[in-house]
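Take a look at the structure set out below.
The values are calculated or read from the model by the stated rules, or taken from the named source; none is laboratory data. Predicted model only: the values in this text are computed from it and were never measured. Cβ sites come from the backbone with ideal geometry, for glycine too, and all protein chains shown count toward neighbours. Only protein heavy atoms, including side chains, enter the accessible area calculation; ligands, DNA and RNA are left aside. Shrake-Rupley method; radii C 1.70, N 1.55, O 1.52, S 1.80 Å.
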Amino acid sequence: QSRRLIPKSSYYSGPPPADTAFGTMPVGHIGVHHPREIIRVERDYTGGELIQFAPIYPLELEGRITPTQFLESINAINERLIEAHSLSMAMFDNVLAVVTMYLSRLVVPSHYDKEMRRLKDLFEELNTGLYNPAGLHLLWPGDVAFLFVSGRYLTI
């Protein structure tokens, strides 16, 4: 059985097989070549329905970024998600929308939309400053309903 040319994201099922690209030197170019491997950072359901990602360092990232860098980036993502789901701001946005017969939505974006924009900016900042130089790339979790953060073990 040979390896796939284009890897698929899957749930963690133990240590990676011996024929994976983890721990190898980066080759190729980001955005040009397909990723060699895909890593998932799963959702953390211990806090209930609030969207959070598990701050568990994937061993596959060893040699690319440190556990501290990974933990700081996941904590920054989680902080933005907590702020986006603020109950007081959601109540304010809804009261404002009802009082103005929802015309305020045409003029003022909701707090949630502002925070999601800030979160996208954070992803871009993390990718350009930390992950891309290490041959990694984080994908926007909104595309998969915030079920996981998919990290591509890219070539660089």
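For Glu124 and Glu42, a Förster radius of 25 Å and the Cβ-Cβ distance give a FRET efficiency of 0.65, rounded to the nearest 0.05.
Using the Karplus relation 6.51 cos²θ - 1.76 cosθ + 1.60 with θ = phi - 60°, the per-residue 3J(HN,Hα) values for the range 134-148 come to 8, x, 10, 8, 8, 9, 5, x, x, 5, 10, 6, 6, 7, 7 Hz, with x marking Gly and Pro. A straight chain from Ile82 to Tyr102 at 0.36 nm per residue would run longer than the Cα-Cα distance by 4.7 nm. Extending 7 Å from the Cα toward the beta-carbon at both Lys114 and Glu62 defines two label points whose distance is 4.4 nm. Phi angles across the range 110-124 convert, under the Karplus curve 6.51 cos²θ - 1.76 cosθ + 1.60 with θ = phi - 60°, into 3J(HN,Hα) values of 5, 4, 4, 4, 4, 5, 5, 5, 5, 5, 4, 4, 4, 4, 4 Hz, Gly and Pro given as x.
Once backbone amide H atoms are built at 1.01 Å from N, Arg40 has Gly151 as its partners under 5 Å, excluding neighbours fewer than 5 places away on the same chain. Computed over protein heavy atoms with a 1.4 Å probe, the accessible surface of the range 100-156 works out to 54 Å² per residue. Overall, the range 29-137 carries a charge dipole of about 280 debye about its Cα centre when +1 sits on the Cβ of Lys and Arg and -1 on the Cβ of Asp and Glu, all other atoms neutral. Relative to the current alpha-carbon distance between Phe146 and Asn94, full extension at 0.36 nm per residue lengthens the span by 16.4 nm. The heavy atoms of Thr68 present about 90 square angstrom of accessible area, all protein chains included, probe 1.4 Å. Ranking Val107, Val95 from most to least accessible surface, computed with a 1.4 Å probe over the protein chains only, gives Val107, Val95. Using θ = phi - 60° in the Karplus curve 6.51 cos²θ - 1.76 cosθ + 1.60, the 3J(HN,Hα) couplings for the range 56-71 round to 9, 5, x, 4, 5, 8, 4, x, 9, 9, 7, x, 5, 4, 5, 4 Hz; x is entered for Gly and Pro. Once all protein chains are placed together, Ser88 keeps about 80 Å² accessible to a 1.4 angstrom probe.
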